[in-house]
Amino acid sequence: MSVEYAEPCQLAEDVGVLLPRPVGRGEGWGEGWLGVVYPAVLAVSLALLSSAASLPSACAADQNYAVNPVPLNQVHLNDVFWKPRIDTNCRVTVPVCFKKCEESRIPNFRRAAKLEAGSFRGEPWEDSDLYKVVEGAAYCLATDPDPALRKYLDGLAALFAQVQQPDGYLYTSRIIHGDKAPGRASPVRWLNEMGGVTGDDSHELYCAGHLIEAAVAHYQVTTNRVFLDVAIRLADLINKDWGPGPDQLKISPGHQEIELALVKLGRATGERKYIDLAKFLLDCRGHYRRPANVKSPWSDQYYSNEMPLTNLTQAVGHAVRTGYMLSGMTDIAAILGDPGYTKAVDTVWADTIGSKLYLHGGIGSGVGMSEGFGNAYELPNKGYCETCAAVANCLWNERMFLLHGDAKYIDVLERTLYNGFLSGVSLSGDHFFYENPLVSNGGYVRSEWFGCACCPVNVSRFLPSVPGLQYATHADQLYVNLFAGGTADMSIAATRVKLTQETRYPWDGAVKLTVTPDKSAKFTVLVRIPGWARNQPVPTSLYRYADNLQPEVFLTVNGKPQPIQLQKGYVAVNRRWKKGDVLTLKLAMPVRRVMADARVTDDAGRMALERGPLVYCFEGADHQGKVMHLTLPDDAAFEPQFRPDLLGGVTVLRGTGKASLRRADRSVATEAAALTAIPYYAWCNRGAGQMQVWMPCQPDKATPLPFPTVASQAKPSASHCNGQDTVGALNDGIVPRNSADQSLPRMTWWMHLGTLEWVQYDLDKPATLNTVRVYWFDDHGGCRLPKSWRLLYRDGETWRPIENTSDYTTKPDGYNQVTFKPVSTSALRLEVQLRPNVSGGILEWKLD
Ligand SMILES: [Zn+2]
């Protein structure tokens, strides 16, 4: 595919892709859209397209940001870090997500389009999953044209047009079932948007928001406006149904997202009405109240609906919802110059980054509110930190930068991008985290997919948009925000400029920028000096470096050193640039120790390691499976070492710390231990295992390794183990508080229900045994105590039952001990009959 792009239209630079004109058509991007030829195979009635609104032929200057990003199709990465990840996203993640959508989302669209019979399956918000993958695939097309993908996307666009109702409504569960739609979609269009009827949200506007974002991306990349016209018709319907009039709705959106999407649509079409509608929807908050008789598990705080948003001072509520909402508020602050919204986003940002940001850039601890923000400084390391919330935090901080032109917002964005967002996807691109905790006892692994799959599809669309975050322009100023090798084309001070960046960032802090203007021209290059290079890990006092290092920052232009005078976090180099001018930046990258504000009690007495923009962690794979017994004393020195063979090529940090081990007499010994830290984003790519970011500085905070026993040295296995759980839990020596204890690793047969199952210990050498103790897992839900169990020992090639001298018990909240006539064996098997229709599991299994 070759797409010809129009001259830069600032209007469209928001999403990072220029608004193109149709291939081979006339000048001006408002002309002749219906002449675009659609694939004949799509079997879509072109009559559906006849209501297409025409786009204006000029950019609307009043709908711009102060600063505008250089669109992603003008940035061509060839770097060592992001390019391989973006390629994996486009070649693995996007196809994986489409495959899942083929199984369980696209059928709903086909049924809604009456292309096949059947009822709606799944949850109504799942329409949005498909839209998000379409958005991601469109970004992939922008940098890597693929005719087959293009055809597939155009086919989906046509399907969406066929599903859409004549008045513009598009929500498959209600289109299939009318007002008898199942579950939270019911009972009537729009009225359950914030659970106003049943108490749980319909997500109609959430789906509409993702539809609009995907449609804008698809249109901007392909020039096919079928999907964009679907979005316009839907937005026009919302604009008709919501508003200040007596017959119009004033319901707050239940899952924020539509607001930022409408701004995108407004900027892509030049239609101010969509931006005004976004503001109207934001303005509904704090005024709309659900009927008093509606019972709901969700509070007004959960929805940030307690007060008008201009009165908001703190980040509260569901983290993803709030993050998207703050992005929309920042759009309104920037584009409409609204002082109330500007004050609100500035105040909430100070609260968020000052007291609610995890070290890896994640937000939403989940404490006290499902998937939500906790109180200030309440940052438990097992925190929730949803991948989608990391995406929202990036989207918001990018917009805060566009509003204020200050590098501190890019500092937060970069921290989130390289750490708490990137951990959301495996190096292979096909396994995902929903939560991104900073500690794991070993039972937590990425999944191939989720019942609620918002996170994988969000990764698929956000990763390929990263090039659009790298540079920005404002009048005669060029902002260099992120460091990654490649080239970029842009226009500054009416001059076409090509910028070439060479660097091995984030492994090395040396950056070379070659500036090539069409003709010699005077403009300012603003080079961001990251907070981490200025002794400020975050732009607040929430985290600080514990050492007294003063890492060097060195900048030259054509070899001549430049003074490091910072303006809003940038060094400004103002000069007449000519072809081939070279700007070099050297950021020293020593290993840094980070401490948290004392009010973050979960990090008290603990330290984390960073190098450059990367947060590090210690993983079991480098320490015989365990890290909870390790300590990072103040004097432990760590050195970076690049390991091209490891985890796709990473710089590890190597040093000596301490390990705590329990002796036979139950006292604790501490000895020196060789330690290796890996970048946090890369953890859990070598199987399940323990992981920790915040390491104890003193052994009293570490969990000593248990004294070696027959069980702890045995090799565990099972007839089946749930993907989230681990057979290593059987002999990890961690004593449960009770049978429902979910804070530690467990072995479960989930979701094998009512079956005969087993776990097994293989011993290094034969041992004589006469007692077994087992601690059952019972979460009062899908996993219950077993119906019965028995022990078998291996005798040559045969499994024989032991001769028990006490009963097999199935009691909760303690060890169930069985004694038996001594056997000498090299393997023991524990056979379990699960209760009908439920599964079961084990927290610990001891041998004596
Ligand atoms: Zn999510």
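The values are calculated or read from the model by the stated rules, or taken from the named source; none is laboratory data. Just so we're clear, the structure is a prediction, and the values are computed from it rather than from any experiment. Here the Cβ is made from the backbone with ideal geometry for all residues, glycine too, and neighbour counts use every protein chain on show. Surface areas here come from the heavy atoms of the whole protein model, side chains and all, with no ligands, DNA or RNA. Shrake-Rupley method; radii C 1.70, N 1.55, O 1.52, S 1.80 Å.
Remarks
- Verdict on K626 being over 30 Å from G354 (Cα atoms) and at pLDDT below 95: yes
- Boolean, G340 is touching a Pro at 6+ places or on another chain (Cβ under 6 Å) and either at positive phi or more than 16 Å from the ligand (Cβ to nearest atom) (or both): no
- Among residues that are at pLDDT below 95 and open to solvent by 10 Å² or more (accessible area, probe 1.4 Å), G368 is included.
Yes/no matrix, rows are residues, columns are (1) surrounded by 18 or more Cβ atoms within 10 Å (Cβ to Cβ); (2) more than 29 Å from the chain's Cα centre (by Cα); (3) closer than 25 Å to V70 by Cβ; (4) at pLDDT 95 or above:
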{"site": "N108", "(1), (2), (3), (4)": "yes, no, no, yes"}
{"site": "R111", "(1), (2), (3), (4)": "yes, yes, no, yes"}
{"site": "K114", "(1), (2), (3), (4)": "no, yes, no, yes"}
{"site": "Y131", "(1), (2), (3), (4)": "yes, no, no, yes"}
{"site": "A137", "(1), (2), (3), (4)": "yes, no, yes, yes"}
{"site": "R150", "(1), (2), (3), (4)": "yes, no, yes, yes"}
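- Test: residue in segment 503-517 that is open to solvent by 10 Å² or more (accessible area, probe 1.4 Å), farther than 19 Å from M490 by Cα and free of Cβ contacts under 8 Å to residues at least 60 places away in the same chain: no
- Across segment 454-472, the qualifying residues are those that are crowded, with 24+ Cβ neighbours inside 10 Å and over 20 Å from Q501 (Cβ atoms), and the one among them that is nearest to the ligand (Cβ to nearest atom) is C455.
- Residue in segment 370-387 that is away from the ligand (no atom under 16 Å from the Cβ), hydrophobic (A, V, I, L, M, F, W, C) and more than 21 Å from Y616 (Cβ to Cβ) present: yes
- Strands (runs of 3 or more DSSP E) within segment 705-802 that include 1 or more residues open to solvent by less than 20 Å² (accessible area, probe 1.4 Å): 756-777, 788-795
- Yes/no for R496 being open to solvent by 20 Å² or more (accessible area, probe 1.4 Å) and either more than 20 Å from L422 (Cβ to Cβ) or over 29 Å from the mean Cα position of the chain (by Cα) (or both): yes
- Residue match in segment 583-602 (condition: acidic (D, E), within 24 Å of A677 (Cβ to Cβ) and open to solvent by less than 30 Å² (accessible area, probe 1.4 Å)): yes
- Segment 633-659, subset in contact with a strand residue (DSSP E or B) (Cβ under 6 Å, 6 or more places away or on another chain) and among the hydrophobic types (A, V, I, L, M, F, W, C), residue surrounded by the fewest Cβ atoms within 10 Å (Cβ to Cβ): A637
- Candidate set from segment 279-319 (those that are hydroxyl-bearing (S, T, Y) and assigned to a loop (DSSP other than H, G, I, E, B)); member that is nearest to L249 (Cα to Cα): Y288
- Of all residues in segment 669-688, those that are open to solvent by 10 Å² or more (accessible area, probe 1.4 Å) and touching a Gly at 6+ places or on another chain (Cβ under 7 Å) total 2.
- Inter-residue pairs, beta-carbon under 9 Å, first of a type in the set (D, E) and in segment 379-394, second within 13 Å of the ligand (Cβ to nearest atom) and assigned to a helix (DSSP H, G or I), 6+ apart: E386/A319; E386/V320; E386/A392; E386/G424; E386/C454; E386/C455
- Of all the criteria given as (1) open to solvent by 10 Å² or more (accessible area, probe 1.4 Å); (2) within 16 Å of the ligand (Cβ to nearest atom); (3) under 25 Å from I678 (Cα atoms), the one not satisfied by G443 is (2).
- Qualifying residue in segment 684-694 (condition: under 32 Å from the mean Cα position of the chain (by Cα), under 30 Å from D645 (Cβ atoms), at pLDDT 90 or above and not in a loop (DSSP other than H, G, I, E, B)): yes
- The lone criterion from (1) open to solvent by 40 Å² or more (accessible area, probe 1.4 Å); (2) at pLDDT 95 or above; (3) in contact with a helix residue (DSSP H, G or I) (Cβ under 7 Å, 6 or more places away or on another chain); (4) over 30 Å from S541 (Cβ atoms) left unmet by G605 is number (4).
- Within segment 231-245, tally of residues that are farther than 23 Å from V134 by Cβ and buried (at least 24 other Cβ atoms within 10 Å of the Cβ): 0
- Filter result for A181 (at pLDDT below 95, within 21 Å of A113 (Cβ to Cβ) and within 29 Å of the chain's Cα centre (by Cα)): no
- Inclusion of A475 among residues that are free of Cβ contacts under 8 Å to residues at least 40 places away in the same chain, of a type in the set (G, A, S) and open to solvent by 10 Å² or more (accessible area, probe 1.4 Å) is warranted.
- The residues on offer are L413, L402, and the sole one that is more than 15 Å from the ligand (Cβ to nearest atom), within 14 Å of the chain's Cα centre (by Cα) and either open to solvent by less than 20 Å² (accessible area, probe 1.4 Å) or hydrophobic (A, V, I, L, M, F, W, C) (or both) is L413.
- Yes/no for L379 being closer than 16 Å to Q314 by Cα, hydrophobic (A, V, I, L, M, F, W, C) and in a loop (DSSP other than H, G, I, E, B): yes
- Residue count, segment 301-360 (criterion: of a type in the set (F, W, Y), under 26 Å from G195 (Cα atoms) and open to solvent by 10 Å² or more (accessible area, probe 1.4 Å)): 1
- For segment 315-335, taking the residues that are β-branched (V, I, T) and within 16 Å of the ligand (Cβ to nearest atom), the one that is nearest to R285 (Cα to Cα) is identified as T322.
- Segment 444-461 residues that are closer than 23 Å to T726 by Cβ and assigned to a helix (DSSP H, G or I), paired with ones that are open to solvent by less than 20 Å² (accessible area, probe 1.4 Å) and away from the ligand (no atom under 12 Å from the Cβ) (beta carbon under 7 Å, 6 or more apart): P456/C97
- Test: R666 is open to solvent by 70 Å² or more (accessible area, probe 1.4 Å) and at pLDDT 95 or above: no
- The set of residues from segment 419-434 being within 15 Å of the ligand (Cβ to nearest atom), touching a residue at least 60 places away in the same chain (Cβ under 8 Å) and open to solvent by 10 Å² or more (accessible area, probe 1.4 Å) comprises just one member, V425.
- Among the residues making up segment 246-257, those that are open to solvent by less than 20 Å² (accessible area, probe 1.4 Å) and over 15 Å from N192 (Cβ atoms) are Q256, E257.
- Members of segment 160-200 found to be within 17 Å of K295 (Cα to Cα) and assigned to a loop (DSSP other than H, G, I, E, B), listed by number: S186, P187, L191, N192, E193, M194, G195, G196, V197, T198, G199, D200
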